[in-house]
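Written out below as structure tokens is the structure these notes cover.
Rule-based calculations on the coordinates, nothing more; no lab input. Predicted model, so just to flag it, every value in this text is computed and none were measured. Here the Cβ positions follow ideal geometry from the backbone for every residue, glycine too, while neighbour counts run over all protein chains shown.
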Amino acid sequence: MMKKILLLAAIALLAFALWPFVRDVGLAEPGALATAYLEQGPAELGTANVVTAIVVSYRGFDTLGEVTVLFTATAGVGGLLARRKGHGKKKAAERGASDASEILKTASRLLSPLLVLFGVYIFLHGHLTPGGGFQGGVVIATAVLIGLLADPEAGLAHGVMHLVEGLSGFAYVALGAAGLWFTGVQEGFLDPRFLPLGELGRLASAGAIPVIYSLVGLKVGAELTGILDAMKEDAE
């Protein structure tokens with residue numbers, strides 16, 4: 001009974017704290033900077049999705065910082081789990097763990113390829129529709145997670161995974177430097193206009209943005225897959 005009372009009190013307190021934000025929700029006129037992004041983004045960078053223009057180009061250094069944070073988190077998780085290995089852990093077979101169900105195995109074989117394809121679609125179309133490299137990479141990592149749940153004994157090709165992660169990160173920074181070199185320092189890091197902008201709304205448009213988002217998607221997918229694999233090995 002006391003737990004229910006505390007739970008209701010916590011919900012009421014949370015609702016009280018969030019009520020001012022809910023009450024004042026509304027559509028406000030965009031500021032000068034937001035207006036400039038909305039008006040100039042499609043014409044300058046050829047992106048139908050203005051959010052992509054902001055994230056990938058106008059504020060490209062922020063995106064570079066996010067990728068760096070994710071890499072640091074991945075390295076930290078791997079380091080922490082590596083220190084715990086070999087301290088009297090039992091294997092799954094010794095604990096009497098049962099195999100995955102046939103339903104999960106069949107679903108994995110059907111869904112994993114579709115999820116990978118969907119993840120690729122998300123980061124390839126990030127300049128046209130909502131989505132991008134981070135979202136696509138997470139979807140790809142989800143496909144790997146389903147495969148690991150269906151077959152816990154399955155191993156990942158660590159060499160390939162590390163190669164994809166390293167090369168995609170290097171190529172991402174190289175494209176950012178190429179934007180500086182070919183378009184001028186006044187334009188900035190990750191300027192995509194050193195490649196043709198193409199026609200607005202087409203897949204082959206927005207200059208280098210589809211390539212940049214593809215690299216981000218591959219890097220994020222590889223890093224999250226590395227975390228999942230480290231957790232699987234730690235649980236064995």
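Along Cα→Cβ, 7 Å out, is where each label goes; now give me the distance between the ones at Thr68 and Leu167 in nm to one decimal.
Simple spin-label model gives 2.5 nm for this pair.
If you average the alpha carbon positions of segment 162-209 and of segment 42-78, how far apart do those two centres end up, in angstrom?
First find each Cα centre; the distance between them is then 12 Å.
Based on DSSP H runs of at least 4 residues, each adding -39500 (n - 2.57), what is the mean residue ellipticity at 222 nm of the chain after dividing by all its residues, to the nearest 500 deg cm²/dmol?
-23000 deg cm²/dmol
Top mean-square fluctuation among Thr68, Thr129, Thr106, Gaussian network model of the chain, C-alpha springs under 10 Å?
Among Thr68, Thr129, Thr106, the largest GNM mean-square fluctuation belongs to Thr106.
If exposed trypsin sites (Lys or Arg not before Pro) are those in a DSSP loop with at most 11 other Cβ within 10 Å, what is the longest stretch of the chain that has none?
Counting only loop sites that pass the neighbour cut-off, the longest clear stretch is 96-236.
Could you work out which residue, out of Ala28, Ala73, Ala141, moves most in a Gaussian network model of the chain, that is, has the largest mean-square fluctuation with Cα springs under 10 Å?
Ala28
For the chain, set up a Gaussian network in which alpha carbons nearer than 10 Å are linked by springs, and say which option among Leu18, Leu163, Leu70 fluctuates the most.
Leu18
How high is the relative contact order of the chain, in percent, counting Cα pairs under 8 Å that sit 6 or more residues apart?
Averaging sequence separation for qualifying contacts and normalising by length gives 28 percent for the chain.
Using only the alpha-carbon atoms, what does the chain span along each of its principal axes? Please give whole angstrom values in decreasing order.
On the principal axes, the chain reaches 62, 52, 35 Å in Cα extent.
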